[in-house]
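**Student:** Pasting a structure here, questions to come.
The values are calculated or read from the model by the stated rules, or taken from the named source; none is laboratory data. As the structure is a prediction and not an experimental result, all values here were calculated from the model. Note that each Cβ is placed from the backbone with ideal geometry, even for glycine, and that neighbours are counted across all protein chains shown.
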């Protein structure tokens, strides 16, 4: 891609090159499906290196492919189509998906989603004041010598998004992220990975 320079005299032109697209949507889905699943599912505790919480990922690897979640899956797929169009990606489809529960003091260690294109976290049920999801700057490591004197898009080392019920956040799967220790009793997340459509 070639930068478009301004024709004629000018004093300054800013170019925000190599941006990372994180997209937030609102989806209003029936939470009764989620509550019924949580009542029936025997959630497993995360290993210590992953964080503190419980998950369905070991029993059910494709949560959003269950019939009861069809409406939610369709809504998320529509937003994934928008994300890919905005980012300039070939279309993707949902692969593995699972549900997580972070109770009080639960957290998720820093990680990325391997072998995926776009990943997402949908928050069907979140109590106010629940822990944010935090994304780490992908250019923090190669920075060498600059001293920062104010917070800008160019100096931030991380970015926090406080979850709300009905919030869907989409991001490139290579982007490292984590959650801080939760201070509420219930922070429910449906997470998923994607791959490029094959036909």
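**Student:** Starting from residues that are closer than 22 Å to residue 28 by Cα and over 10 Å from the mean Cα position of the chain (by Cα), keep the ones in the stretch 168-188 and report whichever is surrounded by the most Cβ atoms within 10 Å (Cβ to Cβ).
**Tutor:** 187
**Student:** Would you check which residues across the stretch 76-90 are touching a residue at least 60 places away in the same chain (Cβ under 8 Å) and over 14 Å from residue 119 (Cα atoms) and list them?
**Tutor:** Listed by number, the residues that qualify are 86, 90.
**Student:** If the requirement is being buried (at least 21 other Cβ atoms within 10 Å of the Cβ), touching a helix residue (DSSP H, G or I) at 6+ places or on another chain (Cβ under 8 Å) and within 22 Å of residue 62 (Cα to Cα), which of these qualifies: 122, 83?
**Tutor:** 122
**Student:** Go through the stretch 47-62 and give me each residue that's crowded, with 17+ Cβ neighbours inside 10 Å, in a loop (DSSP other than H, G, I, E, B) and modelled with pLDDT under 80.
**Tutor:** none
**Student:** If only one of 93, 114, 105, 71 is within 26 Å of residue 185 (Cα to Cα), surrounded by fewer than 17 Cβ atoms within 10 Å (Cβ to Cβ), over 12 Å from the mean Cα position of the chain (by Cα) and touching a residue at least 24 places away in the same chain (Cβ under 8 Å), which one is it?
**Tutor:** So the residue among 93, 114, 105, 71 that is within 26 Å of residue 185 (Cα to Cα), surrounded by fewer than 17 Cβ atoms within 10 Å (Cβ to Cβ), over 12 Å from the mean Cα position of the chain (by Cα) and touching a residue at least 24 places away in the same chain (Cβ under 8 Å) is 105.
**Student:** Right, something else. Cβ-Cβ distance below 7 Å, separation of 6 or more or different chains: which pairs start in the stretch 153-181 with a residue that is at positive phi and end on one that is modelled with pLDDT of 95 or more and assigned to a loop (DSSP other than H, G, I, E, B)?
**Tutor:** From residues that are at positive phi, the pairs are 166/27.
**Student:** Is the stretch 5-20 home to any residue that is surrounded by 10 or more Cβ atoms within 10 Å (Cβ to Cβ) and modelled with pLDDT of 90 or more?
**Tutor:** Yes, the stretch 5-20 has at least one match.
**Student:** Follow-up question, since we're still on this one. May I ask you to list the residues in the stretch 92-116 that are part of a strand (DSSP E or B) and under 11 Å from residue 179 (Cβ atoms)?
**Tutor:** Once the filter is applied, which keeps residues that are part of a strand (DSSP E or B) and under 11 Å from residue 179 (Cβ atoms), the stretch 92-116 yields 100, 102, 107, 108, 109, 110, 111.
**Student:** Would you point out the residue of the stretch 117-163, among those that are under 13 Å from the mean Cα position of the chain (by Cα) and not in a strand (DSSP E or B), that is nearest to residue 19 (Cα to Cα)?
**Tutor:** This residue is 117.
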